[in-house]
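One structure is given below, encoded as structure tokens.
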Amino acid sequence: MAKYASSSRWLLQSLIFTILWTVRAQLPGTWELLVPNAGVASMHTAVTRFNTVVLLDRTNIGPSRKMLPKGHCRIDSNDVVLKKDCFAHSVVLDLQTNQIRPLMILTDTWCSSGQFLPDGTLVQTGGDLDGFKKIRKFEPCEPGEFCDWVELKDVELANGRWYATNQILPDGTVIIVGGRGTSTVEYYPPRKNKNGAIELKFLADVEDNQMDNLYPYVHLLPNGRLFIFANNKAVMYDHEGNRVIRDYPALSGGPRNYPSAGSSVMLALEGDFSTAVIVICGGAQYGAFIERSTDTPAHGSCGRIVATDPKPGWEMEDMPYGRIMGDMVMLPTGDTLIINGAQAGTQGFEMASNPCLYPVLYRPDQPVGLRFMTLNPGTVPRMYHSTANLLPDGRVLIAGSNPHYFYKFGAEFPTELRLETFSPEYLSPDRANVRPVIEGIPETVRYGEAFDVFVSVSLPVVGIIEVNFGNAPFATHSFSQGQRLVKINVTPSVPDSGRYRIKCTAPPNGAVAPPGYYMVFAVNQGVPSVARWVHLVA
């Protein structure tokens, strides 16, 4: 009897495995292990115009798994782990070869912030301890060339910034918003007659005993104002006049920012670019952080609001899964990928459980109830300190996950050094014959300029080919700072010497698309090309 019982259990387990595998195989999207060991657990990630990716950890974490070049060591008598640190805490990934090169960071970048400047330089601000007031720059270079972090000595932050948010503005300056114990904003480079920090009382008003006002969600609206969300409230902020000009209704469902760990995107700007829609999804239940509860279920609710509407209100809907620490990535099509995170707990070291392995596609043009599609699950838990970034070829790079104070590989959710990519369904082989290839595009365009894009497609074009500008944000702590997608105005494509010619008009101004480098995608029947980098200038 025991023999038959054992056999029955084996058959049942095999059947369950087969069913799960079949269901998994039928879900859209594919995963790929890109790099088995990046050397550092990326807490912050950004894609450069040279098709490289900068990954950042923190300096006071002890030995990483990547050495600096011989003779390059960080000396810090205050470091409690390594007084002489010869390990890299930042690296750069070459997307053509998947090779990793160590970078040298001198001060602590733990829970810092960043943004690209108009010239393509990554500016990185704040952190903990000796990094509290630091400003760093990384001027990216071709993969075969040498470039590294530079810590600025002639300028520093007016207020120390830990858990702050950066957003590039229409004039190309960067506003730095909030931070732990800091209810102010400031600018880099400092603005004329506005040197130093400027109080933003809203940030203090929404602070609670969990500090749920950290890493505020900041979106530049097409009217030039800022949508700033913290805890469960939002304002429209006039950064020129330093005044709040609108209070939005509170979002139900509890706090959404760090440490309660929801995420947010502004949907693609299109048409006359006057309408901006903000979506905020997920988060931990209030109290989970204070109680260090790892099993409190996460929220599955999303709020959507037309931030530019005269009488805005939140439209609520539910994701297929409750999720904290999810990353919302704008895809070239205008859909949003929600990926990474957990289904219980909160942000913080070893304070979450039940990893959410299933990505979800949010389709904004569908009606309520039909917007979410569950995708093919991954196998690697991506918990606290993980990131997701859109790559120029349309894949999404997944990095990091270190839910521990130091590197720890023997835990239930170990420190994660593997880099993966997730390919949405638009990259499936059966769509390859409608995938466009950009054959010609200007390297630089000016606001409002008319220009031509030339593409080739295997099958004849039957609809409008979109031309969409997507920037490269700074991804950290479940929010991609500065993330933006602009669907520019185009005319129908026409045959031209074996190719198709599309007449385009560049974004009209810096409020719609701040100056800088953009990944420009041609999108045919929902399938994006490999992007070409274009410099948008005034």
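The values are calculated or read from the model by the stated rules, or taken from the named source; none is laboratory data. Computed from a predicted model, the values in this text were never measured in an experiment. Ideal geometry is used to build each Cβ from the backbone, glycine not excepted, and the neighbour counts take in all protein chains shown. Calculation scope for accessible area: heavy atoms of the full protein, side chains included, ligands and nucleic acids excluded. Shrake-Rupley method; radii C 1.70, N 1.55, O 1.52, S 1.80 Å.
Of all residues in region 296-317, those being part of a strand (DSSP E or B), aliphatic (A, V, I, L, M) and within 19 Å of Val360 (Cα to Cα) number 1. Scanning region 60-94 for residues that are within 27 Å of Pro473 (Cα to Cα), open to solvent by 30 Å² or more (accessible area, probe 1.4 Å) and charged (D, E, K, R) yields Arg65, Lys66. Those strands (runs of 3 or more DSSP E) of region 193-282 in which 2 or more residues are over 30 Å from Asn468 (Cβ atoms) and open to solvent by 10 Å² or more (accessible area, probe 1.4 Å) occupy 243-247.
With respect to Gln525, determine if the residue is within 30 Å of Gly179 (Cβ to Cβ) and open to solvent by 10 Å² or more (accessible area, probe 1.4 Å). Criteria not met by Gln525.
Could we say that Thr97 is within 26 Å of the chain's Cα centre (by Cα), under 30 Å from Trp533 (Cα atoms), of a type in the set (Ser, Thr, Tyr) and open to solvent by 60 Å² or more (accessible area, probe 1.4 Å) here?
Details: within 26 Å of the chain's Cα centre (by Cα): yes; under 30 Å from Trp533 (Cα atoms): yes; of a type in the set (Ser, Thr, Tyr): yes; open to solvent by 60 Å² or more (accessible area, probe 1.4 Å): yes.
Here the answer is yes, as Thr97 does meet what is asked.
Within region 107-135, restricting attention to residues that are charged (D, E, K, R) and more than 26 Å from Pro69 (Cβ to Cβ), the residue that is surrounded by the most Cβ atoms within 10 Å (Cβ to Cβ) is Lys133. If you go through region 136-159 and pick out every residue that is under 15 Å from Val185 (Cβ atoms) and either under 23 Å from the mean Cα position of the chain (by Cα) or open to solvent by 20 Å² or more (accessible area, probe 1.4 Å) (or both), you end up with 2.
Among the residues of region 315-337 satisfying the criterion of being in contact with a Ser or Thr (Cβ under 7 Å, 6 or more places away or on another chain) and surrounded by fewer than 22 Cβ atoms within 10 Å (Cβ to Cβ), which is farthest from Leu214 (Cα to Cα)? Explain how you work it out, then say what you get.
Taking region 315-337 first, the residues in contact with a Ser or Thr (Cβ under 7 Å, 6 or more places away or on another chain) are 316, 318, 320, 324-330.
If we keep only those that are surrounded by fewer than 22 Cβ atoms within 10 Å (Cβ to Cβ) too, we end up with 316, 318, 320.
Working: Met316: 23, Asp318: 24, Pro320: 26 Å.
In this case the residue turns out to be Pro320.
Taking the criterion of being over 30 Å from Asp212 (Cα atoms) and part of a loop (DSSP other than H, G, I, E, B), the residues of region 497-520 that qualify are Ser497, Gly498, Ala506, Pro507, Pro508, Asn509, Gly510, Pro515.
So which residues in region 39-53 are outside any strand (DSSP E or B) and either over 16 Å from Gln481 (Cα atoms) or of a type outside the set (A, V, I, L, M, F, W, C) (or both), if there are any at all? Give the derivation first.
The first filter runs over region 39-53 and keeps only residues outside any strand (DSSP E or B), leaving 39-43, 48-51.
Hits for region 39-53 are Gly39, Val40, Ala41, Ser42, Thr48, Arg49, Phe50, Asn51.
Gly482 meets the conditions (1) at positive phi; (2) at pLDDT 95 or above; (3) surrounded by fewer than 16 Cβ atoms within 10 Å (Cβ to Cβ) in every case but one. The failed one is (3). Kindly check whether there is at least one residue in region 425-445 that is among the aliphatic types (A, V, I, L, M) and closer than 25 Å to Asp327 by Cα. Yes, there is a match, as at least one residue in region 425-445 is among the aliphatic types (A, V, I, L, M) and closer than 25 Å to Asp327 by Cα. Find the residue count for region 160-192, including only residues that are of a type in the set (Lys, Arg), closer than 30 Å to Pro508 by Cβ and either part of a strand (DSSP E or B) or open to solvent by less than 10 Å² (accessible area, probe 1.4 Å) (or both). Qualifying residue count for the region: 1. Taken as a whole, the structure leaves Lys66 outside the set of residues that are more than 21 Å from Leu417 (Cβ to Cβ) and among the charged types (D, E, K, R). Residues satisfying the criterion are absent from region 352-366 (criterion: touching a Phe, Trp or Tyr at 6+ places or on another chain (Cβ under 8 Å) and at positive phi). Note on region 347-419: enclosed strands (runs of 3 or more DSSP E) holding 1 or more residues that are out of contact with any Cys (no Cβ under 6 Å at 6 or more places or on another chain), open to solvent by 10 Å² or more (accessible area, probe 1.4 Å) and more than 27 Å from Thr48 (Cα to Cα) are 352-355, 372-374.
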